[in-house]
């Protein structure tokens, strides 16, 4: 198999990841060293350690990273952001 981009790897595994009821969304990100990672956003209240047992540490050579879902409501800013 030819090397896949992170976006292609995410698309390739999207259906199987979205079947997990704890998954709120998917995306691409970077780790602390700037390498691309596949981000799996988990619903509020989900234990990340328990979820880690259900999601491989790597998919198609890309690390997976579990992050809490981000909720943004109209008229509100995400936590930590300010109007400047």
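What the table shows:
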quantity	calculated
Boolean, residue 65 is in a strand (DSSP E or B), surrounded by 11 or more Cβ atoms within 10 Å (Cβ to Cβ) and without any contact (Cβ under 8 Å) to a residue 40 or more places away in the chain	yes
Candidate set: the stretch 45-54, residues that are surrounded by 10 or more Cβ atoms within 10 Å (Cβ to Cβ) and either farther than 24 Å from residue 4 by Cβ or at pLDDT 95 or above (or both); chosen: the one nearest to the chain's Cα centre (by Cα)	48
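Condition check ((1) surrounded by 12 or more Cβ atoms within 10 Å (Cβ to Cβ); (2) modelled with pLDDT of 90 or more; (3) in a loop (DSSP other than H, G, I, E, B)) across all residues:
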{"site": "4", "(1), (2), (3)": "yes, yes, yes"}
{"site": "16", "(1), (2), (3)": "no, yes, no"}
{"site": "76", "(1), (2), (3)": "no, no, yes"}
{"site": "83", "(1), (2), (3)": "no, no, yes"}
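The values are calculated or read from the model by the stated rules, or taken from the named source; none is laboratory data. Because the structure is predicted, anything quoted here is derived from the model rather than measured. Note that we place each Cβ from the backbone using ideal geometry, even for glycine, and neighbour counts take in every protein chain shown.
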